[in-house]
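The values are calculated or read from the model by the stated rules, or taken from the named source; none is laboratory data. Quick caveat: nothing in here was measured; it's all calculated off a predicted structure. Quick reminder, even Gly has a Cβ in these numbers, built from the backbone with ideal geometry, and neighbours come from all protein chains shown. Just so you know, the surface numbers come from the protein's heavy atoms only, side chains and all, with ligands and any DNA or RNA stripped out. Shrake-Rupley method; radii C 1.70, N 1.55, O 1.52, S 1.80 Å.
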Amino acid sequence: TFHQSYGYEEFVEGLRPVLNNEGEKGDVEYEIRPGVFKKLCHDARQMPDKRFAMVIDEINWGNISKIFGELITLIEPD
């Protein structure tokens with residue numbers, strides 16, 4: 001279920017802050033983390049004999065262009 005603040009970073013891939021406790025101040029670093037869609041695609045590639053599906057509920061709650069980004073052009077028939 002999409003929330004209004006849900007975005008591409010949670011769905012496909014995005015930068016996430018990670019606190020590095022090695023320094024005195026605890027520096028913040030950023031790493032790229034996969035979202036739920038990318039994780040599902042990875043799992044599906046690992047198990048080609050199984051069928052996978054993603055059910056998206058309450059899509060109207062989310063900002064579609066923010067969530068899908070450029071992927072929306074691949075989903076739309078036009």
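Annotations
- Convex hull volume of the Cα atoms of the chain, normalised per residue: 127 Å³.
- With a simple spin-label model that places each label point 7 Å from the Cα along the Cα-to-Cβ direction, the separation between K25 and N63 comes to 3.0 nm.
- For G14, the residues whose amide H sits under 5 Å from its own are R33, G35, ignoring neighbours fewer than 5 places away on the same chain, with H placed 1.01 Å from N.
- Just the protein heavy atoms count here, and of the accessible area of the chain at 1.4 Å, carbon and sulfur take up 52 percent.
- Full-stretch length increase - I32, E9 - with 0.36 nm per residue and alpha-carbon distance subtracted: 7.4 nm
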